[in-house]
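To keep things clear, I will list the structure first and then write my remarks on it.
The values are calculated or read from the model by the stated rules, or taken from the named source; none is laboratory data. Owing to the predicted nature of the structure, the values given are computational and were not obtained by experimental measurement. Glycine gets a Cβ as well: all are built from the backbone with ideal geometry, and neighbour counts include every protein chain shown. What goes into the accessible areas is simple: the full protein's heavy atoms, side chains included, and nothing from ligands, DNA or RNA. Shrake-Rupley method; radii C 1.70, N 1.55, O 1.52, S 1.80 Å.
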Amino acid sequence: MHDDSAPDGPVGFLLGLIEDEDAARVRRRIGRPQPVTPQATPGWGSPGALRAHCSWWTQTPVPSSMLLWVLQEDDPELNAVVWRHVSADDAMRRAIVHGIPHGPGRTHAVRVAEPLSRNDEPPVPGSFSLFGLVGALRAATTMKPARQAASMVLGTPGWQAVAGADAERPLPGYTRWALSVRPDCPPELRARFGSHAKFTHRLRQAGVIDGPARYATEWRPADRVLRVLALGRTLFPTRLCEAEDALRPLVRAHLGGREDAWAVLAQLVGNYHGTVPELVVMAGAIA
C-alpha cells in the first residue's frame with residue numbers, strides 16, 4: 001500500500017508515540033525526515049484537496065469498519081472520500097446521500113462535498129417499496145435480498161426499528177447476518193444476532209472490527225496496518241487515539257529512545273507479516 005500521509009509512513013506513525021525529543025533524535029540517527037502534517041501542506045484547505053490527497057486510498061480495499069470511523073467525523077470532505085471508496089457499500093452511500101450523521105450523539109444532517117442528490121442513491125429494493133423496512137427484512141429468504149433490505153436501515157431510527165422487530169419476533173437468519181456485518185450495527189444488537197466463534201470469524205472476514213485499538217494490535221501485516229493508521233491522522237483523528245493508546249505503552253517499553261531498536265524496526269517493517277505488537281517486541285529484542 002502506498003502512503004502519502006507521512007514522509008516516513010509506518011515508522012513515522014510509531015515515532016509519534018514516544019517523546020518528541022527522543023523521536024527527533026531517532027529520526028536524525030536513522031535518516032528519517034521530520035513529520036509534515038496535512039495542515040502544513042499548501043492548499044490543503046482548498047476544495048477537493050483532501051479528496052485529491054487520498055485518491056490512491058480510495059482504490060485500496062479496507063475493512064468496512066475503517067470507513068465507518070471516517071464517517072464518524074461527520075465531515076463533508078471526508079464523506080466525499082468514503083463515497084468514492086471501492087469498499088463503500090450501498091448502505092454507506094445511501095447514508096451519505098441522506099446526510100445521516102454517524103458521530104455519537106449527533107443528530108444534525110451532514111452534507112457531502114460532492115454534487116450528490118437522491119438520484120445518486122443506490123437503487124431502492126422492490127421489497128422495501130412493497131413491504132416497508134421491517135417487511136422487507138422479514139421477506140428475505142436468501143443473502144442478496146437480505147443485503148438489499150439491510151441497506152435501507154438508516155441511522156438511529158432505523159436500527160431502533162430493527163431491534164424492536166427482532167425482539168417481537170426474531171428476524172430471518174440471512175437478514176440477521178446481513179445486518180450484523182453492517183459496521184454501524186449497534187454492538188448490543190449484533191451480540192443478540194450471534195456470539196459463537198464461527199460468527200466472530202465471519203465478522204472479521206467481513207471487515208467488522210471492534211475499534212481501532214483491536215485493528216492496531218490484532219490485524220496484519222504490520223506494515224499495512226501502520227500505513228493505514230498513519231493516514232488515520234487525517235481520515236479518522238477522533239478514533240485514532242484508541243489505536244495510539246493501545247500501542248504507546250508497548251512502543252515505549254520495547255523501543256523508547258533506543259536508536260538501534262528503531263533502526264532494526266525500520267529494516268524489518270516492510271517484509272514483516274505479523275502484527276504490530278509482534279514487530280515492536282521483535283525489533284526491541286533483536287537490538
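General observations
- So Gly270, is it out of contact with any Phe, Trp or Tyr (no Cβ under 7 Å at 6 or more places or on another chain) and not in a helix (DSSP H, G or I): no
- Of all residues in the range 13-31, those that are without any contact (Cβ under 8 Å) to a residue 60 or more places away in the chain have Cβ atoms under 8 Å from Cβ atoms of residues that are open to solvent by 50 Å² or more (accessible area, probe 1.4 Å), 6 or more apart or on another chain, in Ala24/Gln34; Arg27/Pro33; Arg27/Gln34.
- Subset of the range 94-108 [part of a loop (DSSP other than H, G, I, E, B) and not hydroxyl-bearing (Ser, Thr, Tyr)]: Gly99, Ile100, Pro101, His102, Gly103, Pro104, Gly105, Arg106, His108
- On the stretch given as the range 156-199, residues that are β-branched (Val, Ile, Thr), over 23 Å from Met66 (Cβ atoms) and not in a helix (DSSP H, G or I) total 0.
- Condition broken by Ala253, with the remaining ones in (1) of a type in the set (A, V, I, L, M); (2) surrounded by fewer than 17 Cβ atoms within 10 Å (Cβ to Cβ); (3) not in a helix (DSSP H, G or I) satisfied: (3)
- Of all the listed residues (Thr234, Thr238), the sole one being among the polar types (S, T, N, Q), in contact with a Cys (Cβ under 9 Å, 6 or more places away or on another chain) and either open to solvent by less than 20 Å² (accessible area, probe 1.4 Å) or assigned to a helix (DSSP H, G or I) (or both) is Thr234.
- Top-ranked residue in the range 166-210 [being open to solvent by 30 Å² or more (accessible area, probe 1.4 Å), among the small types (Gly, Ala, Ser) and within 20 Å of Leu154 (Cα to Cα); ranked as modelled with the highest pLDDT]: Ala167
- Among the residues listed as Ala113, Ala91, Ala161, Ala149, the single one being touching a residue at least 40 places away in the same chain (Cβ under 8 Å), in contact with a helix residue (DSSP H, G or I) (Cβ under 9 Å, 6 or more places away or on another chain) and closer than 23 Å to Leu189 by Cα: Ala91
- Test: residue in the range 22-30 that is at pLDDT below 90 and farther than 30 Å from Pro186 by Cβ: no
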